[in-house]
Amino acid sequence: MRYERDLQSKLEQRYSRIYGADYNAFRNAVQYFRDFIQGTPALRAITENLENTNIDVDPDVWVGEKFSMRTYSWPETESGQAKIVWRLVNRWADGEDPYALGDSFSSDNNLNYVLRDMTDQTIRLFVEYLVEQLGSASQVLYMLERFKRRVEWFDQAELYAKYEADTKHGEDGYDTHLRKFLFDQGIDYPFSQPKSASGQVDVVAGLDGDDPLVCEVKLYDPSRSGYGVPYVAKGFRQALDYAHDYGKSVAHLVTFNLSGQGLQMPTDEGSKPWPPRLHVEGVTVYLVTVNAKPRPSASQRGRATPRIVTRDELVNLREDRSDGS
């Protein structure tokens, strides 16, 4: 999860630059901060999702009504707070004088100290929100990486034998195995298929808390009609829709590869961190592939011919009219 940790470190560095900037350099520092967020897909997805949450909060109206001399207040939710600060960041980066709101945050007469107080009470909170979002994603990805390894190293043959014995309910078996693992790893509520506005999601953890985990499970088995890439794409769309339903900026698609070939998923990240991830409609969907079919030894496999899945195939869902691959 080095990628997420690196982003957290870079966010904190950029905050320090804003905090240390004087009045003349403040706008440029904020502008660079905004450019960094907009140029980083994972962070941009979080900020885009803010536009779809707390729809009753209009940042400009809120600031106009709730910010005054020596006082200010935030919405009840952290995401609402983040939405307002992100709007302030954009206003300042676009040229609005930050000192215009300074007296809401500080009673100091020194311009630079006023900006520092305001930065500490606004942008710091926003950075903490972004870091928390990235940190939550890292923890879940760590669990899913362990799950992938456990299946491929220890449980693969047993699970595949159960799948072959009852392919009709095969997806349920893999889904249950994943939920049990998540529960054992400390996710208290890995419920299967709770109802949401978009239907049912395979795994939503923590539904009674503030941070539900959205995870869709799909099989890839082109030897069976209807279980090819279009079926995986259906899972991608479901994960995306469920993320919107639960107000999340992150979702997960776990694909159990039951074919004899590799399955290579697309990614929107140039550095290609694990797992691949796509940023669509303000949501980051992590694509975890588990090789669930026992394979011959490396010396007996021959030349590898992976099925390369394109971004277009996942994002633009089409009917499965072919052999399912």
Sticking with the crude label model, points 7 Å out along Cα→Cβ, report the distance from SER16 to ASP94 in nm, one decimal please. 3.1
Name the longest site-free stretch of the chain, where the excluded sites are trypsin sites (Lys or Arg not before Pro) in a DSSP loop with no more than 13 other beta-carbon atoms within 10 Å. 71-302
What full-extension length gain, to one decimal in nm, is calculated for ARG150 and ASN28 as 0.36 nm per residue of separation minus the Cα-Cα distance? 39.1 nm
Can you check what the net charge comes to around VAL127, using other residues whose Cβ is under 12 Å from the Cβ of VAL127 (Lys, Arg +1; Asp, Glu -1)? 0
Virtual spin-label span in nm between SER9 and ASP312, 7 Å along Cα→Cβ: 3.8
The chain: calculated mean residue ellipticity at 222 nm from DSSP helix runs of at least 4, using -39500 (n - 2.57): -15500 deg cm²/dmol
Computed over segment 6-129, the relative contact order (Cα-Cα under 8 Å, seq sep at least six) in percent reads 32
Added length on full extension, which subtracts the Cα-Cα distance from 0.36 nm per residue, ASP166 to LEU111: 12.7 nm
Expressed in nanometres to one decimal, the distance between label points 7 Å along Cα→Cβ at SER68 and GLN185 is 5.0
Candidates [x] 55; [y] 42; [z] 50; which is the computed percent of Cα pairs over 27 Å apart? [z]
Result for the chain: accessible area per residue, probe 1.4 angstrom, in square angstrom, of 49
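The values are calculated or read from the model by the stated rules, or taken from the named source; none is laboratory data. Quick caveat: nothing in here was measured; it's all calculated off a predicted structure. A quick note on method: Cβ atoms are made from the backbone with ideal geometry, for glycine too, and the neighbour counts reach across all protein chains shown. All accessible areas refer to the heavy atoms of the entire protein, side chains included, with ligands and DNA or RNA removed. Shrake-Rupley method; radii C 1.70, N 1.55, O 1.52, S 1.80 Å.
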